[in-house]
Every structure is written in structure tokens, then in C-alpha cells.
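Participant: Have a look at this one before I ask anything.
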Number of protein chains: 2
Amino acid sequence: MFASRPAVHPVEAPPPTDPVEQPRGVLMKDLPGMPGTPGGLGLRLAQFVFAGIALSVMASTDDFPSVTSFCFLVAAAILQCLWSFSLAIVDIYALLVKRCLRNRRVVCLFAVGDGITAALTFSAACASSGITVLIDNDLDLCSENHCASFESATAMAFLSWFALSPSFLLNFWSMASG
Amino acid sequence: MFASRPAVHPVEAPPPTDPVEQPRGVLMKDLPGMPGTPGGLGLRLAQFVFAGIALSVMASTDDFPSVTSFCFLVAAAILQCLWSFSLAIVDIYALLVKRCLRNRRVVCLFAVGDGITAALTFSAACASSGITVLIDNDLDLCSENHCASFESATAMAFLSWFALSPSFLLNFWSMASG
């Protein structure tokens, strides 16, 4: 009679009376595109590929160091490549071991890093597009410059930013909704 | 003995057992800078003033229409002025009648509008800064151009964006945390 009897009487939790008080973050748990999902991995790979193309196209021209904005674009594309590649590896790891990357600190880190790289890539792309539009439309100097390379590198940087912004918004959303 | 006796027996709400199930959005309700608070009104007025200065300084130069990016900056500054002025009036109204602007649809509308205007203002400021850096540093053509006006207009556009981004982030946060 000395055997312990784990007599557990589960108490049912009362249903929430006010629908406003329900935590909304729970609904977002499995949204595609979040870190640790196949959609999130796809977004990271797209960012990496587009930033890599922008970097290689811009670096293939011989006169990009003469314009500050193009140097900034190259630097931003390098940072974007490194960041997206690291997070793609984290996503692949999370998918392989089937772990959920919903730790609050990790999501916060991802959101801040995404925000910084998104701002850098977008500003570099905008500055480069200002220069290319100036050279192409306003001054008509395309015969002396590599306009096609500059424009395609700028477009690739914009595409990389387009792939990055859903990651940032989803991370920020899940950080806010807890 | 027919006088009504308001015998109220307040029932104490049970304390939440699981801290994870607490809605996090409730904690953010009175954060300064949200729409309908004095901080939010201050942010709106700062955006309006900076965008107005950028617009007037850029429009005061006679050769801004020859560069596409500067025209884009003027257009973005006009849009920014209109948006910030409208929302400042909404904030003043909310402060006067002491209403809380925490309606979900209103916050969603504010967040989307803030996001669009922030992206436009930031891209215009980046494109203009690319041009001004090209003129000033790379080509040394400041003697023939209004470099000071261009640079101050660009700086004011950046300041307007700096004042806009907390509004956007707070609106997005309160939209996400419900």
C-alpha cells in the first residue's frame, strides 16, 4: 500500500469569454515564409541568388568604383549575400531536425538583422537607380557607360529587397504577436 | 422600502495561470508615439515640417526638373506632407475628444499608408543622395550646381523618414499584437 498513486484531477481551463483577449500570435504559427519553413528557406535562397547576381554583374564592370553609389551597392550586396546565406543554413538545419524557430530572442534577432539589411539593400538600390536614370534618361550618356550592367544590377538588388521584405515583415509580426 | 439597493458583489477575476496565454498587445496600449497620443502628434508634425522644408528647398532651385530623382523627391515630399498633415489633424481630433484610436481597421489603414509613404520618401531620399554624392564627390561639379540646396533637401527628406519610421513600426506592432 506504499505505492504512490499519481491521482491527477485535471482542471479544465475556462474558455476565453472575450475573443479580443485571445492571443493572436498563436494563429500565425504555421504561416509559410517564417524562418524554419520551406517558404522561409525559399525566400532566403531567392535573396541570396538575386544579391549574388547583382554583386557579380556590378563587379564585372570596370568603372563602378568611380561612382560612390555603385560601390555602396556592391557592399550592400555582399552583406545581403552573407546574411541570407547564413539564415538559409539555419533554415535548412531547422528543417532537417524539424525544430521550430519560434524562440522569442531568435525571432527578435532575425527581425533586427532583416530590417538593417533590408534598409541597406533598398537604399543602395535606390541610389544606384537614381544614378542609372540620370545617366540614361537625363544625360543620355549610355554610349560611354555600361548602362545595361548598371541597370540589371540595380534591378537584381531591388528583387533581392522584394524577397527580403516578406521575411522582415513576418519576423516583425511574429515578434509583435509574441 | 422600495428604494433600489444596488447590491453589487464584484467577482474577482481569476489570475491567469499561464503567462504565455496573456495577450501581449494589452501591454502596448499606452506607448507614446502611437496615433492619438501627444507623442504620435509630435511625430506627425515633425514629418510634416521636415517634408515641407525638403519640398520648399528643392523647389526653390531652378534646375531640379532636369534630374528625374529630384522630381521624384518633390513628388514624394508633397505626398508625405499631405499624409502627415491629414494624420496630424486626426491626432488632434482624437486628443481633443479624448478618443482612443485603437480600432483595428484604422490601425491597419495607418500602418499600410505609413509603409507606402515611408518607402516612397526613403527611396526618393536615397536616389537624391546618390545624385548629390555623384555631383559633389565623384564629379566635383558643385560650382555649376546648387549642391547646398540639393543636399539640404535630401537631408530633410531623410529626417522626415526618420520621424515616419517609428510611426510605421508602432502601427505595425499594434496591428500585429491586435
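Participant: Can you give the accessible area of B:Thr117, probe radius 1.4 Å, in Å² rounded to 10?
Facilitator: Looks like 10 Å² after rounding.
Participant: Using a 10 Å cut-off on Cβ to Cβ distances, tally the other chain neighbours for every residue of B:130-140 and report the average as a whole number. Don't skip to the answer; put the middle values down first.
Facilitator: Values: counts 18, 7, 2, 7, 10, 1, 1, 2, 7, 2, 0.
Per-residue shielding by partner chains comes out at 5.
Participant: Using a 1.4 Å probe, how large is the accessible area of B:Leu45, given in Å² and rounded to the nearest 10?
Facilitator: 80 Å²
Participant: Shifting gears a bit: Around A:Val133, what is the net charge, scoring Lys/Arg as +1 and Asp/Glu as -1 over all other residues with Cβ under 12 Å from its Cβ?
Facilitator: -4
Participant: What is the local net charge at A:Val57, summed over the other residues whose Cβ is closer than 15 Å to its Cβ (Lys, Arg +1; Asp, Glu -1)? Write out the running numbers ahead of the final one.
Facilitator: Working: positive: none; negative: A:Asp62, A:Asp63, A:Glu151.
Counting the neighbours of A:Val57, the net charge comes to -3.
Participant: Here's another thing I want to ask about it. How about region B:38-80: which of its residues lose at least 30 Å² of accessible area in the presence of all protein chains relative to their chain isolated, using a 1.4 Å probe?
Facilitator: Buried on complex formation: B:Thr68.
Participant: What's the ranking of A:133-143, B:32-42 by average number of surrounding C-beta atoms within 10 Å, highest first?
Facilitator: Descending mean neighbour count gives B:32-42, A:133-143.
Participant: Hey, how many Å between the Cα centroid of region A:139-174 and the Cα centroid of region A:73-125?
Facilitator: Here the two parts' Cα centres lie 17 Å apart.
Participant: Using heavy-atom solvent-accessible surface (probe 1.4 Å) with all chains present, what is the largest-first order of B:Ser152, B:Ser128?
Facilitator: Result, largest first: B:Ser152, B:Ser128.
Participant: Measure of size requested: the Rg and Dmax of region B:33-176, with Cα atoms as the atom set and Å as the unit; please supply both.
Facilitator: In Å, with Rg to one decimal and Dmax whole: 16.6, 55.
Participant: How shielded is A:164-177 by partner chains, expressed as the average number of their Cβ atoms within 10 Å of its Cβ atoms?
Facilitator: Average neighbour count from other chains, rounded to a whole number: 3.
Participant: Here is a further query. Let me check I've understood the local charge: for A:His146, count other residues with C-beta under 10 angstrom from its C-beta, Lys and Arg +1, Asp and Glu -1. What total comes out?
Facilitator: Neighbour charge sum, excluding A:His146 itself: -4.
Participant: Ignoring ligands, DNA and RNA, what percent of the 1.4 Å accessible area of region B:28-178 is carbon and sulfur?
Facilitator: 72 percent
The values are calculated or read from the model by the stated rules, or taken from the named source; none is laboratory data. A quick note: this is a predicted structure, and the numbers were derived from the prediction, not measured. FYI the Cβ positions are ideal-geometry reconstructions off the backbone, even for glycines, and counts take in every protein chain you see. Ligands, DNA and RNA are stripped out before the accessible areas are found, and what is left, the full protein with its side chains, is counted by its heavy atoms. Shrake-Rupley method; radii C 1.70, N 1.55, O 1.52, S 1.80 Å.
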